[in-house]
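The values are calculated or read from the model by the stated rules, or taken from the named source; none is laboratory data. Since this is a predicted model, take the numbers as computed values, not measurements. Note that each Cβ is placed from the backbone with ideal geometry, even for glycine, and that neighbours are counted across all protein chains shown. Remember, those area values only see protein heavy atoms, side chains included, never the ligands or the DNA or RNA. Shrake-Rupley method; radii C 1.70, N 1.55, O 1.52, S 1.80 Å.
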Amino acid sequence: QQPPQNASRRFFTLSGLKDMTTKYRVTLFSLNLLCYCVILLVNVALILTIIFEEKLHKPMYIFLCNLCFNSLYGTAAFHPKFLFDLLADTHVISYAGCILQVFFIYSYSTTEYSILAVMAYDRYLAICRPLEYHAIMTKQRVVVLVCFSRLVPMTSQTVVMIMTSTLTLCGSHIDKLYCDNWSVLILSCHSTTPNNIVGFCNIVLYFLHALLIMCSYVQLVKFSLKYQERRKKFLQTCMPHLFCLINVTAALLFDVMYARYGSKLMAQSLRNIMAIQFLIIPPLFNPIIYGLNLTQVRKSFLRLSKFNKQLNRLG
């Protein structure tokens, strides 16, 4: 181990790209730049559609808008730095930059889960208790749920990052494309038991989120099988949500489990793909799937697009 160093002067080395050839990096840079531009385009388009279309000022679409905003927030913490590293000869990140990247990526992923839990609750009320829906899902309740989905993950990750930032580190090598909390913890010179306890509490918190979502879907499936008229609503509004949930859960489970118990024999390229797919697939496909599948969103987007084209012609 290296001797302890002053954290304020420390830089971390990211080695996820160490075996990649220059030609492959240029190709990956082009693909990732295109992907990031599409992520920005589709998420901003859906957010603006929901903001400017009064018919979409309903709980489900407000939560969807929150989901798209979270995608922009999370991808901004990864893609610009990753694009820079693809063209750079050295892949380093400052201590402060690493801590901030961990905070943004972790708060993004946990907020994603919180929003999906809120959306599952909303769909349960809309399909299983339609007569009570508007009485329960008031404007005040929507505001509370949106704040819950953002403030709880932010608070929990702030605690995690404060504890991580107090550690004395004896190394500076991170075997990933980006900083993650576990990679920083294993560099600690001393015991990280308090950090592990807080991390376990976070896992329990989001396990409860998963339990809430599972309970909601059990009821949703029961009602959909029982009532023919609700089956279509379930397929239209819940299947995209279920796809997003499965993808995020699989990606986060892989990232958490592999970091702790994974074999180093797995190819670096495969590890890279699995480690970053939750920063690419959900932000890219969530707005596309919801935008295409939800008729009201699709019609509103097309109507606003035509209106903007007419304004441009008049201008």
Projected-area mean, segment 94-163, by convex hull of Cα positions, square nanometres: 5.0
More than 15 Å apart - percent of Cα-Cα pairs taken over segment 9-56: 67
Reference-scaled alpha-carbon Rg (2.2 N^0.38 Å with N residues) for segment 11-312: 1.08
Of Lys23/Lys176; Lys55/Lys222; Lys139/Lys222, pairs whose Cα-Cα distance is over 24 Å: Lys55/Lys222; Lys139/Lys222
Electrostatic dipole magnitude of segment 11-312 [Cβ: Lys, Arg +1; Asp, Glu -1; Cα centre; debye, to 20]: 1160
Size of segment 146-220 as Cα extents on the principal axes (Å, biggest first): 50, 23, 22
Gain in span if fully extended, Leu28 to Leu100, counting 0.36 nm per residue against the direct Cα distance: 23.5 nm
Whether segment 1-100 is rounded, prolate or oblate, judged on the alpha carbon gyration tensor where a/c under 1.5 counts as rounded: oblate
FRET efficiency, 1/(1 + (r/R0)^6) with R0 41 Å, evaluated for Leu225 and Val159 via beta carbons: 0.45
Modelled FRET efficiency - R0 51 Å, His173 with Ala135, Cβ distances, 0.05 increments: 0.35
Sorted peptide list for 38-45, 129-136, criterion being average Cβ within 10 angstrom, highest first: 38-45, 129-136
Burial order of peptide ranges 197-208, 269-280, 89-100 (average beta-carbon count within 10 Å, highest first): 269-280, 89-100, 197-208
Per residue solvent-accessible surface (Å²) - segment 11-312, probe of 1.4 Å: 50
